[in-house]
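Written out below as structure tokens is the structure these notes cover.
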Amino acid sequence: MDIKVYILTFVLALAISFLLMPPFIRLMTKYRILDKSGGRKIHTGYTAHMGGIVIFIAFATSVTAMIFAYFKVTGLAQLVSFAVALLVMIIVGVRDDMNDISPWTKLFFEIIIGVLLGYLGVRVTAITGFSGEVIRIPTLISYGATICFFIVVVNAYNLIDGIDGQAGMQAINTFLFILLFFCFIVGDARIPKAPFSPMFILVCLFAILGSIVGFLRYNWQKAKIFMGDTGSLFIGTLITIFIILSMTYADAINHAEIIPSLQIKAYVAPFLGYFYMPMADTLRVFISRARKNKSPFSADKTHIHHFFIRLGYSHQRCTLTVFAISFCISVVSTVLAFFVSDFVFILIIIASWFVYVKALNSFIKRQLRRMGGGIS
């Protein structure tokens, strides 16, 4: 497919998001659908939210236009199931933004979507053994692993959305590196087809990147709108889908040994590195809360962005700092993929998490002592 199609996809999604956001903000303001400051929220006053609706509209419109213009539509049931999964998460997000729903209700719908993804063939199908060999897992266990992975990724992404621009920039980092992977493999007929073709996946990736870039114009400090749970659940779902599809295609490439120049020794773990910061920080916060005999899901201000804000960082500086860390980790993950096995990569990820926690705590304590404060 011509590169112009992908560029058009990006531009169309960006334009829709960029142009539709101002009237949507006015609509939210008119009907007082606003996010109020207070509690663990660190913005001031009232801010329009549910910007995820516009992100979804821009994404869906752009992808749909490209499908009808440039694709021979096949597997309609699969496309409908894909759309239904996204729509369900949008509806759950809207309901939660309008009137908070219980974590158990969210969990119920996340399990339903996890099952639907498994039905679509978007499943975690293998694990790495202690000796580095790839172990195929039974279908039922595969469904369970997919559901667990989906729940972890979606909630980790939701929790990283705490300051202006943060969630959008973290999503851009993840989608950008996955996009680069599919750019290398698209168009090669020798690659076994996964549930969705690389061309369709690339169209979706360009569309969501354009939608988020358009949104960030109004979500940057000082934000005029937040994406809300509507956006974080929708984008978190896409992140899960594309990470799993990336692992599936990388697995197929290595197993078939058809592209020697792309023989990735670690073909599962690297894609987790593209989403490292949200997952690593969520795990750190959950363990910290558990050690204090608190519920892991209790609200507080102990995420990395909360600490940076306490140190006097602006939202913009904090967002760019965390993005820079994520970007560097993603680059390292990509490079390591050509030199180490999955098992070694996983050990590196585990070790790097301990280094991350220790380095962050030391840095924050040192800075707060200089300011005459403490850390909790």
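The values are calculated or read from the model by the stated rules, or taken from the named source; none is laboratory data. As the structure is a prediction and not an experimental result, all values here were calculated from the model. We place every Cβ from the backbone using ideal geometry, glycine too, and count neighbours over all the protein chains shown.
Summary table
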| read-out | value |
| --- | --- |
| F206 vs. criteria in a helix (DSSP H, G or I), in contact (Cβ under 8 Å) with a residue 60 or more places away in the chain and surrounded by fewer than 19 Cβ atoms within 10 Å (Cβ to Cβ) | no |
| Unmet requirement for A171, which otherwise passes all of (1) modelled with pLDDT under 95; (2) of a type outside the set (S, T, N, Q); (3) part of a helix (DSSP H, G or I); (4) under 18 Å from I239 (Cβ atoms) | (1) |
| Residue list for segment 122-139, filter: of a type outside the set (A, V, I, L, M, F, W, C) and either at pLDDT 75 or above or surrounded by 15 or more Cβ atoms within 10 Å (Cβ to Cβ) (or both) | R123, T125, T128, R136, P138, T139 |
| The one condition in (1) without any contact (Cβ under 8 Å) to a residue 40 or more places away in the chain; (2) under 20 Å from the mean Cα position of the chain (by Cα); (3) surrounded by fewer than 17 Cβ atoms within 10 Å (Cβ to Cβ) that Y119 fails to fulfil | (2) |
| Per-region count, segment 321-357, residues farther than 22 Å from I127 by Cα, among the small types (G, A, S) and either buried (at least 16 other Cβ atoms within 10 Å of the Cβ) or touching a strand residue (DSSP E or B) at 6+ places or on another chain (Cβ under 8 Å) (or both) | 1 |
| For V124: the one exception among (1) assigned to a helix (DSSP H, G or I); (2) of a type in the set (A, V, I, L, M); (3) within 20 Å of the chain's Cα centre (by Cα) | (1) |
| Elements of type helices (runs of 4 or more DSSP H) in segment 211-291, at least 3 residues being among the hydrophobic types (A, V, I, L, M, F, W, C), under 17 Å from F175 (Cβ atoms) and modelled with pLDDT under 95 | 228-256 |
| Some residue of segment 293-307 being among the aromatic types (F, W, Y), part of a loop (DSSP other than H, G, I, E, B), within 22 Å of the chain's Cα centre (by Cα) and over 13 Å from G273 (Cα atoms) | yes |
| Residue check, V203 among the aliphatic types (A, V, I, L, M) and in contact with a Phe, Trp or Tyr (Cβ under 8 Å, 6 or more places away or on another chain) | yes |
| Enumeration of residues in segment 218-239 that are farther than 26 Å from G114 by Cβ and not hydrophobic (A, V, I, L, M, F, W, C) | Y218, N219, Q221, K222, K224 |
| Check on I111, in contact with a strand residue (DSSP E or B) (Cβ under 7 Å, 6 or more places away or on another chain), in a helix (DSSP H, G or I), over 18 Å from I208 (Cβ atoms) and not charged (D, E, K, R) | no |
| Per-region count, segment 194-210, residues within 17 Å of F234 (Cβ to Cβ) and at pLDDT below 90 | 0 |
| Selection count where residues are surrounded by fewer than 18 Cβ atoms within 10 Å (Cβ to Cβ), in a helix (DSSP H, G or I) and of a type in the set (S, T, Y), scope segment 308-320 | 0 |
| Odd one out for C148, checked against (1) outside any helix (DSSP H, G or I); (2) surrounded by fewer than 19 Cβ atoms within 10 Å (Cβ to Cβ); (3) within 18 Å of the chain's Cα centre (by Cα) | (1) |
| Selection from segment 326-376 of residues that are under 14 Å from F177 (Cβ atoms) and in a helix (DSSP H, G or I) | S326, F327, C328, I329, S330, V331, V332, S333, T334, V335, L336 |
